[in-house]
Amino acid sequence: MDYWNDFFRALLEQFRPKLEMDHIGEDILHAIVPRSIGSIDVFGFNLIISDATVASWLVMAVLLVLAIYLGRKPQRVPEKKRQQLAETLVDLLLKTCRSSNMTYEQAEQVIPYVGTIAFFITLTNLTSIFKIPPPAKNPAFPIALAVITIIYVIVMSIKFVGLKGFWASLTYPSSALLPFKILDFFIKPVSLSLRLFGNVFGAYILMEFIYIVVPMILPGLLGLWFDIADGILQGIIFTYLSITYIGEVIESAHDSKHQKEEQAQVKAKMKAKALN
């Protein structure tokens, strides 16, 4: 009994400092505030290199290695598991794009961007597993991704349906909706960025709080969701919404064209009856 009493007393003494609540606010603040790694001068501008920048570049390097590994020496009939995995992921993205009113050819053009975004966001969110702050907890990161994505959505939508079709999607089913449709393209990037930032930032604060207050066992269990599952989920949601936004424009453009064709047929029939 003396042995176990000494053991638990020593264990408690080791973890007592971690259980102290006096400076918990400062500890959490230190964990969530963006950290500056350094700075560089570019054309007279002093650019600050934050932890989000470093994590993003590390993830890009990992993505490059994965792309080379999965896409190296492809065969018409895949025999290696890495090619089968790559084709499964591409096929999944193809089906998602096709379910959003895209043709097979259109889906093939969209996949390189949305696939890259999916892996990039997912892997950056998973950096918290290695105690590297996820870049999405810095508001600049999700805002930049959302702005680039909405610009990509507009460009690809115009490419698929043309300027005339894109304009038709803004005025369908009524021209009175034009101001709201335009406003929607400003609201969408806000929604994308806030959703990504809010979920990642909230999960990061919660996990840091748990690591400080209950450093044993519980962080590992909750980390399975907040560090892994939720990080993957946010990447999937961001990607799915990006695909859906393009699909909405295509669907509206096609519906508008179909409506005009029906109206033209009705007018032609009425004109034919009048002549008869």
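In table form, for the structure just shown:
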{"item": "Distance in nm between pseudo-label sites at Ile40 and Trp57 (7 Å out along the Cβ direction from Cα)", "result": "0.5"}
{"item": "Most to least packed among 167-180, 233-246 [average Cβ atoms within 10 Å]", "result": "233-246, 167-180"}
{"item": "Protection proxy ranking, peptides 250-257, 118-125, 59-66, average beta carbon neighbours within 10 Å, highest first", "result": "118-125, 250-257, 59-66"}
{"item": "Lysine pair number, Cα distance threshold 16 Å (strictly under), segment 54-269, separation 8 or more or different chains", "result": "6"}
{"item": "Relative contact order, percent, segment 129-196 [alpha-carbon distance under 8 Å, six or more residues apart]", "result": "48"}
{"item": "Separation in nanometres of the label points that stand 7 Å from Cα toward Cβ, at Tyr104 and Ser191", "result": "3.2"}
{"item": "Rounded if a/c under 1.5, otherwise prolate or oblate - segment 54-269, Cα gyration tensor axes", "result": "oblate"}
{"item": "In range of the label at Leu64: residues from segment 119-160 whose backbone nitrogen is under 15 Å from the point 7 Å along Cα→Cβ", "result": "none"}
{"item": "Approximate spin-label separation Lys80-Ile182, in nm, with each point projected 7 Å along Cα-to-Cβ", "result": "5.2"}
{"item": "Residue exposure sequence - Leu92, Leu70 - by fewest surrounding Cβ within 10 Å", "result": "Leu92, Leu70"}
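Where a number appears in this text, it was derived from the coordinates with a stated rule and is not lab data. It should be emphasised that the depicted structure is a prediction, and the values quoted were computed from it without experimental measurement. Reconstructed Cβ throughout: ideal geometry from the backbone, glycine too, with neighbour counts over all protein chains shown.
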